[in-house]
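Report on one structure; see the data block that follows.
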Amino acid sequence: DQQVKQNSPSLSVQEGRISILNCDYTNSMFDYFLWYKKYPAEGPTFLISISSIKDKNEDGRFTVFLNKSAKHLSLHIVPSQPGDSAVYFCAASIYNFNKFYFGSGTKLNVKP
Amino acid sequence: DVKVTQSSRYLVKRTGEKVFLECVQDMDHENMFWYRQDPGLGLRLIYFSYDVKMKEKGDIPEGYSVSREKKERFSLILESASTNQTSMYLCASSILSNTRYQETQYFGPGTRLLVL
């Protein structure tokens, strides 16, 4: 049973608009969350993270929002660019547990 | 720049064969991980290791074993390959965290294994 879920397998957005990728989790003990980006034929690369003591973290065009009461996080990309087209995975971890739990991924397509 | 390399990008093996997947990292990371990625299931942890000769089972260890004889190298072994082990295998490494939060994991490019 997946503890981290990404319910949208794919998302298509026009260049310049906002992309919003969503992630839900079930384990209330998760206290650290990350987003990874994966291009075809490459391994995932770290994008942005957020700890449970915050509700927002921003890095350039990327912002992650955390809603602990809803057990939901989202990644906003503004403005979206064609180079952002990739599969995005969210991941979560528990303090002192040496592993991440990954979602199933959302494939983002940014159209020029 | 962290580099995680995997010995093969593509592998084709037959059912029943013993398969070795090798992973090497060059950043002196303590932690190393093996995942498999399947459509609709995301990345699932098979095994991880936080030190030489140490290993811990992940979520789906059945049918797999691992070996870590040197800090930089972590091998995944399929004792007797089966068709349901056809998948993308990803290796990752990270430093051992001295804070409450896990350190970022760095991934290799993956090995796509086909078992016939």
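Looking for something farther than 26 Å from A:Gly105 by Cα and touching a Lys or Arg at 6+ places or on another chain (Cβ under 8 Å) - is there at least one such residue anywhere in the stretch B:98-109? Looking for residues that are farther than 26 Å from A:Gly105 by Cα and touching a Lys or Arg at 6+ places or on another chain (Cβ under 8 Å), one finds none in the stretch B:98-109, hence no. Counting only strands (runs of 3 or more DSSP E) that sit completely within the stretch B:7-73, those holding 3 or more residues that are free of Cβ contacts under 8 Å to residues at least 40 places away in the same chain correspond to B:42-49, B:64-70.
Close Cβ contacts (under 7 Å, 6 or more residues apart or on different chains) running from residues in the stretch A:18-39 that are in contact (Cβ under 8 Å) with a residue 60 or more places away in the chain and among the basic types (Lys, Arg) to residues that are surrounded by 13 or more Cβ atoms within 10 Å (Cβ to Cβ) and part of a loop (DSSP other than H, G, I, E, B) comprise A:Lys38/A:Pro44.
Answer yes or no: is there a residue in the stretch B:41-53 that is of a type outside the set (Gly, Ala, Ser) and touching a Leu at 6+ places or on another chain (Cβ under 6 Å). Checking the stretch B:41-53: not a single residue is of a type outside the set (Gly, Ala, Ser) and touching a Leu at 6+ places or on another chain (Cβ under 6 Å). Only one entry in B:Ala81, B:Ala92 is assigned to a loop (DSSP other than H, G, I, E, B), touching a residue at least 40 places away in the same chain (Cβ under 8 Å) and either closer than 24 Å to A:Gln6 by Cβ or more than 8 Å from every other protein chain (Cβ to nearest Cβ) (or both), namely B:Ala81. Just one of the listed residues (A:Gly105, A:Gly43, A:Gly16) is of a type in the set (Gly, Ala, Ser) and under 12 Å from the mean Cα position of the chain (by Cα), and it is A:Gly105.
A:Lys5 meets all of the listed conditions (1) more than 10 Å from chain B (Cβ to nearest Cβ); (2) open to solvent by 30 Å² or more (accessible area, probe 1.4 Å); (3) in contact with an Asp or Glu (Cβ under 7 Å, 6 or more places away or on another chain) but one, namely (1).
Residue count for the stretch A:8-54 under the criterion of being within 11 Å of another protein chain (Cβ to nearest Cβ) and either open to solvent by 70 Å² or more (accessible area, probe 1.4 Å) or among the polar types (S, T, N, Q) (or both): the result is 10. Where strands (runs of 3 or more DSSP E) sit wholly within the stretch A:1-109, those with at least 1 residues that are more than 27 Å from B:Met32 (Cα to Cα) occupy A:10-14, A:19-25, A:56-59, A:62-67, A:72-77. Of all residues in the stretch A:65-96, exactly one satisfies the criterion of being farther than 30 Å from B:Arg9 by Cα, within 14 Å of another protein chain (Cβ to nearest Cβ) and touching a Leu at 6+ places or on another chain (Cβ under 7 Å), namely A:Leu66.
The residues of the stretch B:1-28 that are open to solvent by 10 Å² or more (accessible area, probe 1.4 Å) and under 14 Å from the mean Cα position of the chain (by Cα), listed by number, are B:Val4, B:Thr5, B:Gln6, B:Ser7, B:Ser8, B:Arg9, B:Phe20, B:Glu22, B:Val24.
The values are calculated or read from the model by the stated rules, or taken from the named source; none is laboratory data. The shown structure was predicted, so the numbers you read here are calculated from the model rather than taken from an experiment. All Cβ positions, even for glycine, are placed from backbone atoms using ideal geometry, and neighbour counts span all protein chains on display. Please note that ligands, DNA and RNA were not included when accessible areas were found on the heavy atoms of the full protein model with its side chains. Shrake-Rupley method; radii C 1.70, N 1.55, O 1.52, S 1.80 Å.
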